[in-house]
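Colleague: I have a structure I would like to understand better, so I am pasting it below and will then ask my questions one at a time.
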Amino acid sequence: MKSPAPLTLELNGVRLEPLGPQHAEGLLAAAQDGELWNLRITSVPAPNEVDAYIDKALEMRPTRLAFAVVDVASGAVIGSTSYHDILPELGRIEIGYTWYAKSRQRSHVNTTCKLLLMTHAFEKLGAALVGLRTDNFNHASQAAIERLGARKDGVLRHHALRRDGTVRDTVMYSITAGEWPEIKAQLRYRLERHGKA
């Protein structure tokens with residue numbers, strides 16, 4: 001598998017741009033839509049943490065490639081997502097660090113972003129497997145991942161620190177290259193039903 005290089009992807013009025021300092025103000029506005037940093041099960045930056053959030057994402061390259069999620073029509077930043085835990089020698093890449101402004105949740109945005117990122121991972125980078133993970137108490141995220149068609153691999157117990165200092169269990173999911181064509185067809189079908197394909 002090839003390592004992902006910074007790139008821009010666009011579909012259905014949603015653009016993924018490599019995250020950088022120029023997105024700080026927009027990222028702050030997106031996080032304030034729902035005060036998402038108050039959720040203990042997400043990695044959304046608080047107002048005073050946005051610059052550090054972006055700096056950390058950039059420091060993590062090449063094992064993480066973070067994106068700003070942008071609404072094409074307005075130019076507004078509406079969230080963030082990343083490729084991470086990139087292991088070219090294994091053909092494995094994960095998609096995570098994903099969050100959207102509250103007003104964009106339960107819309108076509110997440111399906112569109114996942115379609116863009118998984119298409120690029122499987123069809124351009126040559127990934128054998130795309131992984132996804134979430135907090136064991138983030139039931140909305142688990143449901144969203146399962147709606148994508150990912151299979152639950154299991155739970156890593158006592159796996160990572162939450163922002164409040166407690167330790168979470170991590171629920172792991174994955175999609176293999178062999179499963180991708182059917183999942184891609186299903187994602188496109190879902191977007192067509194919502195008038196977004």
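The values are calculated or read from the model by the stated rules, or taken from the named source; none is laboratory data. Because the structure is predicted, anything quoted here is derived from the model rather than measured. Calculation scope for accessible area: heavy atoms of the full protein, side chains included, ligands and nucleic acids excluded. Shrake-Rupley method; radii C 1.70, N 1.55, O 1.52, S 1.80 Å.
Colleague: How high is the relative contact order of segment 131-197, in percent, with contacts defined as C-alpha pairs under 8 Å that are six or more residues apart?
Modeller: It rounds to 33 percent for segment 131-197.
Colleague: Continuing with this model, one more query. Can you pull the accessible area of residue 180 for me, 1.4 Å probe, Å² to the nearest 10?
Modeller: Surface accessible to solvent at residue 180 totals approximately 10 Å².
Colleague: Do the sum for the chain: with -39,500 (n - 2.57) for every DSSP H run of n ≥ 4, divided by all residues, what is the mean residue ellipticity at 222 nm, to the nearest 500 deg cm²/dmol?
Modeller: It comes out at -8500 deg cm²/dmol, rounded to the nearest 500.
Colleague: Turning to a different aspect of this structure: Need the full-extension length gain, residue 3 to residue 188, defined as separation in residues times 0.36 nm minus the C-alpha distance. One decimal, nm.
Modeller: This chain segment gains 64.0 nm when fully extended.
Colleague: Still on this structure, I have one more. Would you mind getting the accessible area per residue of the chain, heavy atoms of the protein chains only, 1.4 Å probe, in Å²?
Modeller: 49
Colleague: Top to bottom by accessible area (1.4 Å), largest first, where do 134, 8 land?
Modeller: Greatest to least solvent exposure: 8, 134.
Colleague: I would also like to ask the following. How big is Rg to Rh over segment 1-122, alpha-carbon atoms, Rh as the Kirkwood inverse-mean-distance radius?
Modeller: When Rh is taken as the Kirkwood radius, the ratio is 0.94.
Colleague: Tell me the carbon and sulfur percent of the accessible area for segment 61-197, rounded to whole percent, probe radius 1.4 Å.
Modeller: 52
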